[in-house]
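Here the structure is laid out as structure tokens; the discussion comes afterwards.
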Amino acid sequence: MAGLTDMATGALSRRGFVKLIGGAALMTALAGCSSGSDEAAEGSAAGSASADENVIRFGCEASYAPYEWKQGTETEYTLPIDNLEGQYADGYDIQLMKKIAEALGKEPVVINIAFTGLIAALQNGQIDAICSGMSATEERKESVDFSDPYLSSGVGIMVAKDSEYADATSLEDFRGASILGQKSSLPDSVVDQIPEVNHLDPVDNIPDSIARLIQGTVDGVVVDENNKNVYEETYPDYVVVTFEDGKGFDTPGVDPCVAVVKDDPQGLLDTVNEVIASMSDEDRQSLWDACAERAPE
């Protein structure tokens, strides 16, 4: 499931993915360069969480449209990214942040942090909550507390349409395949459920993993099923394989949740869960679709 690092300045979106993967961005990725260290630096520069009781600081890695993305223009949907001058965040998680902040009577502030650094940032007080498509795995629950899920999700495998795996219907069909995932993500953690899989060392972000798929050095990339339409529209030569119940990944806790400090000293979870409960399935789908359509070219 779910947080990513972008490969170029500007927004990363449903259709913009291919532009970033193309040209110089793809050359950078294929050369083995990654912006993960830059994102980590951004996170470390965020400073301590504000003592202002009128502010709630949300951490996310704003490079995972439609969950969240960066852009250089402000709109009615965006929030400024506090530690990236001139950059704004939009997406599903951003709209959820606004709803939570409104319910709390606080001003929402977005801090961009590499996905792998989000929990540490929460624990050391840089942020008050994580809203970045993060799944409530048992391992993460040892470090932070989670809200109820705010979206339903699952894990699929993105492959080339002309590959032997495009018509797969079960994990068995991927036996022996070379599969790549994003570091510290739930999708990567379930790769070993594939029989005799060649589980490649995970990379820092989805753009890098898709670049590897385009290059042909991997057979498939594990991805969030919620982005199936986004990926397939952006990459018409690729398809996201999904599975019927019992034939795919066992993914308990895959649905994204909001994370807060262990034992919730600020008392945020009750309000967060109230906001989530107030959204019907239709509301969530409508919000998701609007974000997917709004993601810039």
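The values are calculated or read from the model by the stated rules, or taken from the named source; none is laboratory data. Keep in mind it's a predicted model, so treat the numbers as computed, not measured. Cβ coordinates were reconstructed from backbone atoms using ideal geometry, including for glycine residues, and neighbour counts include every protein chain displayed.
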Within segment 272-287, can you find the residues that are hydrophobic (A, V, I, L, M, F, W, C) and loosely packed, with under 12 Cβ neighbours inside 10 Å? Ala277
Mind checking whether some residue in segment 234-241 is part of a helix (DSSP H, G or I) and closer than 27 Å to Ile179 by Cβ? yes
Which ones in segment 130-148 are part of a loop (DSSP other than H, G, I, E, B) and either among the aliphatic types (A, V, I, L, M) or at pLDDT 95 or above (or both)? Ala136, Glu142, Ser143, Ser147, Asp148
For segment 62-77, how many residues meet the condition of being surrounded by fewer than 21 Cβ atoms within 10 Å (Cβ to Cβ) and in contact (Cβ under 8 Å) with a residue 12 or more places away in the chain? 5
Please go through (1) surrounded by fewer than 24 Cβ atoms within 10 Å (Cβ to Cβ); (2) closer than 24 Å to Lys247 by Cα for Gly181 and return the number of the only condition it doesn't satisfy. (1)
Please work out which residue is surrounded by the most Cβ atoms within 10 Å (Cβ to Cβ), limiting yourself to segment 86-123 and to residues that are under 22 Å from Ala295 (Cβ atoms) and of a type in the set (Asp, Glu). Asp93
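Give me the residue from segment 248-271 that is out of contact with any Ser or Thr (no Cβ under 9 Å at 6 or more places or on another chain) and buried (at least 16 other Cβ atoms within 10 Å of the Cβ) and, out of that set, modelled with the lowest pLDDT.
Checking each candidate, the answer is Phe249.
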If Ile127 satisfies every condition in (1) assigned to a loop (DSSP other than H, G, I, E, B); (2) surrounded by fewer than 22 Cβ atoms within 10 Å (Cβ to Cβ) but one, which is the exception? (2)
Look through Ala290, Ala295 and report the one residue that is under 27 Å from Gln95 (Cβ atoms), touching a helix residue (DSSP H, G or I) at 6+ places or on another chain (Cβ under 9 Å) and crowded, with 19+ Cβ neighbours inside 10 Å. Ala295
All but one of (1) touching a residue at least 60 places away in the same chain (Cβ under 8 Å); (2) over 16 Å from Ala65 (Cα atoms) hold for Asn226; state the number of the condition that does not hold. (2)
Among the residues in segment 212-233, are any aromatic (Phe, Trp, Tyr) and either within 30 Å of Pro195 (Cα to Cα) or surrounded by 19 or more Cβ atoms within 10 Å (Cβ to Cβ) (or both)? yes
Output for Cβ contacts, cut-off 8 Å, separation at least six or different chains, first residue more than 15 Å from Asp145 (Cα to Cα) in segment 112-127, second of a type in the set (Ser, Thr, Tyr) and surrounded by fewer than 23 Cβ atoms within 10 Å (Cβ to Cβ), reads Phe115/Ser184; Thr116/Ser184; Gly117/Ser44; Gln126/Ser48
Within segment 140-153, how many residues are hydroxyl-bearing (Ser, Thr, Tyr) and in contact with a strand residue (DSSP E or B) (Cβ under 7 Å, 6 or more places away or on another chain)? 3
Report the residue count in segment 100-139 for those that are within 17 Å of Ser189 (Cβ to Cβ) and out of contact with any strand residue (DSSP E or B) (no Cβ under 7 Å at 6 or more places or on another chain). 4
